[in-house]
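The values are calculated or read from the model by the stated rules, or taken from the named source; none is laboratory data. For clarity, every value in this text was computed on a predicted model and none was experimentally measured. Glycine gets a Cβ as well: all are built from the backbone with ideal geometry, and neighbour counts include every protein chain shown.
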Amino acid sequence: MDMRFSLALPREALSIPVIRRVVGDALRGLGVSEDCVADILVAASEACTNAIQHARASGAYEVAGHIDEGVCVLKIMDWGRGLRPAPQDPGVLSESGRGIKIMRALVDDLSIDSSPDRGTVVHLQKRLTWRDEALVRRLERRLMPSAG
């Protein structure tokens, strides 16, 4: 099963629920388990929040997704100023960098490509887990006897 999507969004906080709805509905429609959907949506929300906070004032950002071979890959792209260096001692209550730690904890692979004046691309990748009644599982069961 291969599915791709791409959304260009305004740099506004109201765009995050749109992303959550589109990505969540797509994953649920395929039969991805709710825990897995929740992990992906929180990680994507964190990445989108960073894009909104750090992209150029007049800019937009994009979310592109690809689901194939039981893996979900999301790319969140902005054209902002790139990553700023983390403070040496951010303190216990600092929120700086917390989103990256959250994303890293929720997905299997996180990479960030960033450069000044070209923006940032956050790559999120997570192996999907399925509900028992998932469409993908039913297709696999139908195809197994014919493969033998």
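Can you pull out every residue in segment 1-48 that is of a type in the set (Ser, Thr, Tyr) and under 19 Å from Trp130 (Cα atoms)?
Scanning segment 1-48 gives a single hit, Ser33.
Restricting attention to segment 88-135, which residues are assigned to a loop (DSSP other than H, G, I, E, B), touching a Gly at 6+ places or on another chain (Cβ under 8 Å) and at pLDDT 95 or above?
Selection gives Leu128 alone.
Taking the condition over 24 Å from Trp130 (Cα atoms), part of a helix (DSSP H, G or I), at pLDDT below 95 and not aromatic (Phe, Trp, Tyr), does Ala51 pass?
Judged against the criteria, Ala51 is a match.
Are there any pairs with C-beta distances below 9 angstrom linking a residue in segment 16-40 that is more than 14 Å from Ala64 (Cα to Cα) to a residue that is crowded, with 19+ Cβ neighbours inside 10 Å and of a type in the set (Lys, Arg), with the two at least 6 apart or on different chains, and if so which?
Going by the 9 Å Cβ cut-off, the qualifying pairs are Cys36/Lys126; Asp39/Lys126.
I'd like the full set of residues that are crowded, with 18+ Cβ neighbours inside 10 Å, in contact with a helix residue (DSSP H, G or I) (Cβ under 8 Å, 6 or more places away or on another chain) and not aliphatic (A, V, I, L, M), limited to segment 41-81.
Ser45, Glu46, Cys48, Asn50, Tyr61, Gly65, Cys72, Asp78, Gly80
Could you list, in sequence order, all residues of segment 31-40 that are crowded, with 18+ Cβ neighbours inside 10 Å and assigned to a helix (DSSP H, G or I)?
If the condition is that a residue be crowded, with 18+ Cβ neighbours inside 10 Å and assigned to a helix (DSSP H, G or I), then Cys36, Val37, Asp39, Ile40 are the ones that fit.
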